[in-house]
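Working notes for the structure below.
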Amino acid sequence: MIDRVYASLTITGFDPLRLGANPETLPYLQEAELMNARWAMAAVTGIAFTDAVGLPKWWEAGAADYGIDFNTLVGVQVVAMAVLEAARIRGFQRTGESGVLNSFPFDPAGLDAPDKRVKEIKNGRLAMLAFLHCVSSYAVTGLSPLEGLQAHMANPQAVNIFTSAVGGETVAFVAFWSMA
């Protein structure tokens, strides 16, 4: 079953850097893409949720006071992530799939099926692009995703990527890829 899933993921054909050319590292890279996709889906959901309900902005979270010393917070996070990542890597080496501690694959809802795995990676790739949009949109406009959408909906001709501070670069980028 795992071989069919990997084959279906490579059928999508999106590998511009030729990372999948080495068949020995392909399973690890595909699993890494899946893990990044899952984190991106969680991140974009969190960004949209905090923006929609009026919580503090996602880019201000690092400067917030959490009642614990910064060095202690970083130390605890480094140790916790090291333990979890070491367990994940050992589990991946043993089973060929990612999971949490002793649950490989991690599938508490029982949704692991080849067709759903392909949908998950496609949605995850879209979430990675959405997260890139959230970061770049804030860097260019200083607005959150929903604030930017509201501004665009209010005046689409004046508030869009081509009229922003990076409009010229965007036009050049689109023109380059259109000719390529």
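Filtering the stretch 167-180 to residues that are aliphatic (A, V, I, L, M) and either open to solvent by less than 90 Å² (accessible area, probe 1.4 Å) or modelled with pLDDT under 85 (or both) leaves Val171, Ala172, Val174, Ala175, Ala180.
Within the stretch 131-147, the set of residues being not in a helix (DSSP H, G or I) and not polar (S, T, N, Q) comprises Gly142, Leu143.
Kindly indicate the residue of the stretch 85-102 that is open to solvent by 30 Å² or more (accessible area, probe 1.4 Å), over 18 Å from Ala37 (Cα atoms) and at pLDDT 80 or above and also farthest from the chain's Cα centre (by Cα) among those meeting that condition. In this case the residue turns out to be Arg94. Candidates are the residues of the stretch 131-171 that are in contact with a Leu (Cβ under 9 Å, 6 or more places away or on another chain) and of a type in the set (S, T, N, Q); the one that is farthest from Trp59 (Cα to Cα) is Gln150.
Do you know which residues across the stretch 150-166 are open to solvent by 70 Å² or more (accessible area, probe 1.4 Å) and within 15 Å of Ser137 (Cβ to Cβ)? Within the stretch 150-166, Gln150, Met153, Ile161, Phe162, Thr163, Ala165 qualify. Residue pairs whose Cβ atoms lie under 7 Å apart, sitting 6 or more positions apart in sequence or on different chains, and linking a residue in the stretch 44-62 that is free of Cβ contacts under 8 Å to residues at least 12 places away in the same chain and under 21 Å from Leu73 (Cα atoms) to a partner that is open to solvent by less than 70 Å² (accessible area, probe 1.4 Å) and small (Gly, Ala, Ser), are Pro56/Ala64. Filtering the stretch 1-26 to residues that are at pLDDT below 80, part of a loop (DSSP other than H, G, I, E, B) and either farther than 27 Å from His133 by Cβ or in contact with a His (Cβ under 9 Å, 6 or more places away or on another chain) (or both) leaves only Met1. Just to verify a result, which residue in the stretch 128-140, among those that are touching a residue at least 24 places away in the same chain (Cβ under 8 Å) and either farther than 19 Å from Glu169 by Cβ or more than 16 Å from the chain's Cα centre (by Cα) (or both), is surrounded by the fewest Cβ atoms within 10 Å (Cβ to Cβ)? Selected residue: Val140.
So that you can scan it fast, the table gives a plain yes or no per residue for (1) closer than 30 Å to Asp15 by Cα; (2) open to solvent by 50 Å² or more (accessible area, probe 1.4 Å); (3) modelled with pLDDT under 85:
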site	(1), (2), (3)
Tyr28	yes, yes, yes
Ala37	yes, no, no
Thr50	no, no, no
Leu55	no, yes, no
Ala61	no, no, yes
Leu111	yes, yes, yes
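The values are calculated or read from the model by the stated rules, or taken from the named source; none is laboratory data. Remember, predicted model here, so these are calculated numbers, not experimental data. Heads up, the Cβs are rebuilt from the backbone with ideal geometry, glycines too, and the neighbour counts pull from every protein chain shown. Remember, those area values only see protein heavy atoms, side chains included, never the ligands or the DNA or RNA. Shrake-Rupley method; radii C 1.70, N 1.55, O 1.52, S 1.80 Å.
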